[in-house]
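Enquirer: Attaching a single structure in structure tokens format; questions to follow.
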There are 2 protein chains.
Amino acid sequence: MHMMDTPLLLTSFLNRAERFFQAKKIYSRTSATTIHEFTYKEYVKRTRRLADALTKLGMERGMKIGTFAWNHHRHLEAYFAVPCAGAVLHMINIRLAPEHIAYVINHAEDEILLIDDNLVPFIAPIVSQLTTVKHFIIMGDAVEVESIPIPNALSYEALLAEADEQFIFPEDLDENTPAGMCYTSATTGMPKGVVYTHRSIVLHSLAAGLADSIAIRESDVVLPVVPMFHANAWGLPFASVGFGATQVLPGPMFTPQLLLELFEAYKVTLTAGVPTIWLGVLQEQRQNPRDLSSIRLIVCGGSASPIGLVRGFEEELNIPYMTGYGMTETSPLVSLSTYLTHMEDYSADEKMHVRITQGMTMPLIETRIINENGEVPWDGKTMGELTIRGPWIADEYYRDERTEEAFKDGWLYTGDIAVMTPDGYIKITDRTKDLIKSGGEWISSVDLENALMSHPKVFEAAVIAIPHEKWLERPLACVVPKPEYKGSISKEELLENLRTQFHKTWIPDDIVFIDEVPKTSVGKFLKAKLRDELKDYQVQV
Amino acid sequence: MHMMDTPLLLTSFLNRAERFFQAKKIYSRTSATTIHEFTYKEYVKRTRRLADALTKLGMERGMKIGTFAWNHHRHLEAYFAVPCAGAVLHMINIRLAPEHIAYVINHAEDEILLIDDNLVPFIAPIVSQLTTVKHFIIMGDAVEVESIPIPNALSYEALLAEADEQFIFPEDLDENTPAGMCYTSATTGMPKGVVYTHRSIVLHSLAAGLADSIAIRESDVVLPVVPMFHANAWGLPFASVGFGATQVLPGPMFTPQLLLELFEAYKVTLTAGVPTIWLGVLQEQRQNPRDLSSIRLIVCGGSASPIGLVRGFEEELNIPYMTGYGMTETSPLVSLSTYLTHMEDYSADEKMHVRITQGMTMPLIETRIINENGEVPWDGKTMGELTIRGPWIADEYYRDERTEEAFKDGWLYTGDIAVMTPDGYIKITDRTKDLIKSGGEWISSVDLENALMSHPKVFEAAVIAIPHEKWLERPLACVVPKPEYKGSISKEELLENLRTQFHKTWIPDDIVFIDEVPKTSVGKFLKAKLRDELKDYQVQV
């Protein structure tokens, strides 16, 4: 070797926090009335205690340790204690159906589970189905294990009290050692597992610290609204520890009101979540304004943001609102709608349209939008499937035959239909399975939805394909009006509005008003359900 | 593998520049009157041409290709053409003595040399001593090879004109492939070689892009004053290409006046160099002020910055001035004097004292200051030797027995004496060999020098050890007065000033006034020469 072969390990982040950021704070809301406040010094000690306690229970290298928990300090302790010890942190999505929860625990072969006390009701009924779990550890402020309806349940705090805060993490891990895993919902069948490594998480964290990215830094106060059981909370907890940012963890079940209170009270600078969260926050802020002047950036991902939402934050509240693209398979950060220098000359409206793209591809990551002719031109019009490769992109589903559907020739095929703007920004137009193929033309359901959701009377909208004799498929719009316009909104005013923006072949054949768009466990539109409900729909002429 | 095993290659930076930053500009000054202006699109084409031309001349993987050149666009082309093709770029320090130049070329086994036309006089006389070089390529705007006093010299531009701009770089390089090398001067003997890898340079570049570091970004206009033959120009050219920053390369032989003209004309945002450069720039700016409002950061390294210099930029000109630490062996960035959140409460004076430290250790890098008792306490007082490890730190000198003097137990022993401040910031107090050991106490020559150089009448100062019968060693100060105070400055006023700042045991036994502090080829104080000149010095009582 010419250069030191120092492995890229999460342990270096933990050591850095212990060495340089001892006095920095972590605020953790564990119930409606309790916020724990402690320092990184104490955090690292407790993390060492947790690693020691788990080791005493049999944790060893490569073992899977599951968490079933909200965003709080104990979950953050597990985020480092498990991988730094050489074991694998399986962050279980608490919103999965019970049979899926049992499946992912058994499939990952979790041997220890860390469970929030208020989430025990989701695990207790399936305990008998779990084939590999040896220990159940209950996390909470006042856990009485006798009253937990799981046999031999252990108390997290009792274990930590007995453990050694001097526990020493190994220095000889290979950087490709598995560190974490998440399962992602599949359209059909059981969830699919993705395994992250120390190397992939460290590189992803560096990317999140870049000035041209989210730019996480020591002076930040980071509040991840995105759950820690969902794609590593977009990597924010890992990067925050490594860069020494103050962290505010919002705990179980939060409302827009509560989030706004936390933003104001802790002078949050950086926060991240899905569009539905920000829709709620924007509405609440309009009604009960808080001081949000500390926020330097809101990051939004998971699905496309309607332009009205971006305008609400950027123009009304003067808070930068950046959309991004990623998925469980991509760690998740792939692209972000940062601005490039030449965009300084863009009009305010053009800038908004940059913001609602999925953005510019990050360093070390390659993206290609491909159709049957190869890579599509950067014209903002030609659609193709988004494919990705890079050092924090999965190259398989964990022990799963569906690997070959998504991973081909060294690239991840995302199943997302996108166009590339002339600036090289990705703009998702659809899921492959949601794309409307009308008479040989591809119609983007997402573009139509965004246009509908920008209408002042519309709360949510989903556009689906309905069968058509001549064109094979035609778009049908399903619209949820804002409560105050329910009953008074007309199909014609919405269609008229669309006609000013799209070619006539794109205009939906009809609009139906619905009460709610069905959603997946992570808040994405579940159009398969809508399609199923409306499969016999006849256009009213 | 669970994640893609995408190697960390410089090629990904070049591809990114080609894909996303085609219209961004590079400005390259190749003579006193010529500034080339071209786009990244053209830059990448020329870089591919260069790789093709070199390949046709026999360049293959692992071959060493030397450059002997100033900071300009052709050098930047070689920065990527050579490593991306799998060969190794040897950046030769043009300021070495002729026998050292011949040594490093022979020792590295360079087979092709790229030489600036105006630097041919340094190479022509030693051509007969070069044992491995097969081709000499002359870089310049109007090279006539017939008039070059090197047999069979080739013209860079003529080769590029014949070459293929579609040259395809290999995708199958291992990330630990050597990419570049620099030799560093040794106190005794020949220079010692350091080999950088694709992995080490990519990771170092990411670190330079972090918000808490130099934060190189697409919107930057980067002017590296630090030579491209000196520790990779501190990594700025690599990172600038990867992040798409505009680059301004100042070319041969620059003056403070010229640098200020470039800063103003191209609205430079980020620049980097050694303290002597900034002393000159500050003086010139005071006399002929330019508009420097575009500069967001000056980075200073190589040796310690006197506090007066930092004040000049930060307080007088309102330009952030950040010191750092690094060496050829460390790629070079190890630490930077960024501010931490709690320093917001520091007084202006305390902030200045943070700025003149060598700063906070970067992510993924570990630093320890050790003495015979292990790591020194973080008291800002206890001295020890700075040791470093991490993924962009060398673990050997290239084919050199002196490796074992500096690399021990997986750590680089820097030979620098330092203290750690209570904030965990490194403060260099001396070179091990410059440290003054007086009666069992360690006296920092650098602290005394900084104090002397803060005196309004002093231009430069070097403090050396002189032999002493009782105390073994005592400090002697060698002072260069500012021109206007030459003859009128007194020893006593300087000593009196020191007595207000240091314990009496630290006060130099005498002060001698000299015309100039002798310096190394990279502008560092050459105290060995002073010690030699003054070895028979008798204190005048």
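Enquirer: Per residue of A:339-347, how many C-beta atoms from partner chains lie within 10 Å of its own C-beta, taken as a mean?
Expert: 3
Enquirer: Still on this structure, please answer the following. Can you list, largest first and rounded to whole Å, the semi-axes you get for the range A:189-239 by taking the square root of 5 times each eigenvalue of its Cα gyration tensor?
Expert: 23, 14, 8
Enquirer: If you average the C-alpha positions of the range B:497-537 and of the range A:486-541 separately, how far apart do those two centres end up, in angstrom?
Expert: Rounded to whole Å, the Cα centres lie 82 Å apart.
Enquirer: Let me ask another. Enter the accessible area of residue B:336 (Å², nearest 10), with the probe set to 1.4 Å and all protein chains included.
Expert: Number for this one is 0 Å².
Enquirer: Once you average over the residues of B:200-211, how many Cβ atoms of partner chains fall within 10 Å of each Cβ?
Expert: Going residue by residue through B:200-211 and averaging, the value is 5.
Enquirer: Taking 8 Å as the Cα distance limit and 6 or more residues as the minimum spacing, I'd like the relative contact order of the range A:116-265 as a percentage.
Expert: Once normalised by length, the contact order is 13 percent.
Enquirer: Mind listing the Cα extents of the protein assembly as shown along all three principal axes, in Å, largest one first?
Expert: Dimensions of the protein assembly as shown along the principal axes of its Cα atoms: 104, 73, 49 Å.
Enquirer: Another question, then. Per residue in the range B:1-46, which ones lose no less than 30 Å² of accessible surface when going from chain alone to all protein chains (1.4 Å probe)?
Expert: Buried-area filter returns B:1, B:2, B:3, B:4, B:6, B:8, B:16, B:19, B:20.
Enquirer: Reachable aspartates and glutamates from residue A:491, Cα under 16 Å, same-chain residues fewer than 8 places away excluded?
Expert: Partners within reach: A:449, A:460, A:509, A:510, A:515.
Enquirer: Also, quick follow-up: In the range B:434-533, what percent of the accessible surface is made up of carbon and sulfur (1.4 Å probe, ligands and nucleic acids excluded)?
Expert: 53
Enquirer: Sticking with this one: Toward the positive end of the charge dipole of the protein assembly as shown, about the Cα centre and with charges on Cβ (Lys, Arg +1; Asp, Glu -1), which of B:352, A:135, A:26 goes farthest?
Expert: Result: B:352, furthest along the dipole toward the positive end.
Enquirer: State which entries of B:192/B:527; A:486/A:527; B:470/B:504 exceed 18 angstrom in Cα-Cα distance in the structure shown.
Expert: As for pairs spanning more than 18 Å Cα to Cα, those are B:192/B:527; A:486/A:527.
Enquirer: Can you list the copy-to-copy distances for residue B:42, using a point 7 angstrom from Cα toward Cβ, in nanometres, shortest first?
Expert: 6.1
Enquirer: If Lys and Arg each add +1 and Asp and Glu each add -1, what is the summed charge of the other residues whose beta carbon sits under 9 Å from the beta carbon of residue A:40?
Expert: +1
Enquirer: Taking the range B:53-128, which GluC sites (Glu not before Pro) meet the DSSP loop condition and have no more than 11 other C-beta atoms within 10 Å?
Expert: Passing both the DSSP loop test and the Cβ count: B:60.
Enquirer: Relative contact order for chain A: what percent, with Cα pairs under 8 Å and sequence separation of 6 or more?
Expert: 10
Enquirer: While we're looking at this one, here's another question. Counting only heavy atoms of the protein chains, get the accessible area per residue of the range B:434-533 (1.4 Å probe) and round it to a whole Å² value.
Expert: 48
Enquirer: Can you check what the net charge comes to around residue A:160, using other residues whose Cβ is under 14 Å from the Cβ of residue A:160 (Lys, Arg +1; Asp, Glu -1)?
Expert: Net of charged neighbours comes to -2.
Enquirer: Among DSSP bridges having both ends in chain A, what percentage is antiparallel? Round to the nearest 5.
Expert: Of the beta bridges lying entirely in chain A, close to 55 percent run antiparallel.
Enquirer: Taking Cα centroids, how far is the range B:424-482 from the range B:175-221 in Å?
Expert: 30
Enquirer: Right, here's the next one. Let me understand chain B better: what is its radius of gyration from the alpha carbons, and its Dmax, in angstrom?
Expert: 23.5, 75
Enquirer: At q = 0.11, 0.18, 0.19, 0.24 Å⁻¹, what base-10 log of I(q)/I(0) does the Debye formula yield for the range B:115-214 when every alpha carbon is treated as an equal point scatterer in vacuo?
Expert: -0.59, -1.12, -1.12, -1.15
Enquirer: Here's another thing I want to ask about it. Buried accessible area for the B:A pair, summed, 1.4 Å probe, in Å² rounded to 100?
Expert: Roughly 5200 Å².
Enquirer: Then there's this: So in the protein assembly as shown, what percent of DSSP beta bridges are antiparallel if you round to the nearest 5?
Expert: 60
Enquirer: Divide, for the range B:1-146, the radius of gyration over alpha carbons by 2.2 N^0.38 Å, where N is the residue count.
Expert: It is 1.12.
Enquirer: Compute the length gained on full extension between residue A:261 and residue A:470: take 0.36 nm times their separation in residues and subtract their Cα-Cα distance, giving the result in nm to one decimal.
Expert: That works out to 69.8 nm of additional length.
Enquirer: Are there GluC sites (Glu not before Pro) in the range B:409-485 that DSSP puts in a loop and that have at most 15 other Cβ atoms within 10 Å, and which ones?
Expert: In loop regions of the range B:409-485 (DSSP not H, G, I, E or B), the sparsely surrounded GluC sites (Glu not before Pro) are B:469.
Enquirer: Same structure, new question: Just checking the output field for B:212-221: average partner chain Cβ neighbours within 10 Å of each residue's Cβ?
Expert: 5
Enquirer: For the range A:434-533, with the dipole built from +1 on Lys and Arg beta-carbon atoms and -1 on Asp and Glu ones, taken about the Cα centre, which of A:446, A:488, A:506 lies farthest toward the positive end?
Expert: A:446
Enquirer: OK, next. When only the heavy atoms of the protein chains count and the probe is 1.4 Å, how do A:107, B:342 rank by accessible area, highest first?
Expert: The ranking, largest first, comes out as B:342, A:107.
Enquirer: Leaving ligands and nucleic acids out of the surface, order A:395, A:430, B:536 by accessible area at 1.4 Å, largest first.
Expert: Sorted by accessible area, descending: B:536, A:395, A:430.
Enquirer: Let me ask something additional. Label the range A:13-74 by shape, choosing from rounded, prolate and oblate, from the square roots a ≥ b ≥ c of the eigenvalues of the Cα gyration tensor; if a/c is under 1.5 it is rounded, and otherwise prolate applies when a/b is larger than b/c, oblate when it is not.
Expert: Judged from the Cα gyration tensor, the range A:13-74 comes out oblate (a/c at least 1.5, b/c at or above a/b).
Enquirer: Could you check the simple spin-label distance between residue B:124 and residue A:25, using points 7 Å along Cα→Cβ, in nm with one decimal?
Expert: 7.0
Enquirer: Rounded to two decimals, what ratio of Rg to Rh does the range A:434-533 give with C-alpha atoms and a Kirkwood Rh?
Expert: Taking Rg over the Kirkwood Rh, I get 0.95.
Enquirer: 7 Å along Cα→Cβ for the label point: how many nanometres lie between residue B:485 and each equivalent label in the other copies, listed shortest first?
Expert: Copy-to-copy label distances at residue B:485, shortest first: 7.4 nm.
Enquirer: What figure, in Å² to the nearest 10, do you get for the accessible area of residue A:27 with a 1.4 Å probe and non-protein molecules left out?
Expert: For residue A:27, the solvent-accessible surface is approximately 40 Å².
Enquirer: If we count every other residue with Cβ under 11 angstrom of residue A:264's Cβ, Lys/Arg +1 and Asp/Glu -1, where does the sum land?
Expert: 0
Enquirer: Which order do you get for A:134, B:519, B:427 if you rank them by accessible area with a 1.4 Å probe, largest at the top?
Expert: A:134, B:519, B:427
Enquirer: Give me D for the range A:422-475 in µm² s⁻¹, whole number, from Stokes-Einstein with Rh from the Kirkwood sum over alpha-carbon pairs, 20 °C and 1.002 mPa s.
Expert: 176
Enquirer: Taking N as the number of residues in the range A:296-344, what value does Rg over Cα atoms divided by 2.2 N^0.38 Å take?
Expert: The range A:296-344 yields a ratio of 1.22.
Enquirer: Further, regarding this structure: Quick one: accessible surface of residue B:515, probe radius 1.4 Å, all protein chains present, in square angstrom to the nearest 10.
Expert: 120
Enquirer: Right, another one. How are the alpha carbon pair distances in the range A:228-294 distributed across 10 Å bins from zero to the largest one, expressed in percent?
Expert: 18, 53, 27, 3
Enquirer: For residue A:141, go 7 angstrom from Cα along the Cα-to-Cβ vector, then report the distances to that same point in the other copies in nm, smallest first.
Expert: Here residue A:141 shows inter-copy label distances of 7.2 nm.
Enquirer: Using 0.36 nm per residue of separation minus the Cα-Cα distance, give me the extension gain between residue B:99 and residue B:147 in nm, one decimal.
Expert: 14.8 nm
Enquirer: Now for a separate question. Specify the inter-centroid distance of the range B:30-88 and the range B:287-335, based on alpha-carbon positions, in whole Å.
Expert: 29
The values are calculated or read from the model by the stated rules, or taken from the named source; none is laboratory data. Given the structure is predicted, the values throughout are model-derived calculations rather than measurements. Positions of Cβ are backbone-derived with ideal geometry, glycine not excepted, and every protein chain shown enters the neighbour counts. The accessibility values were calculated without ligands, DNA or RNA, using every heavy atom of the protein model including side chains. Shrake-Rupley method; radii C 1.70, N 1.55, O 1.52, S 1.80 Å.
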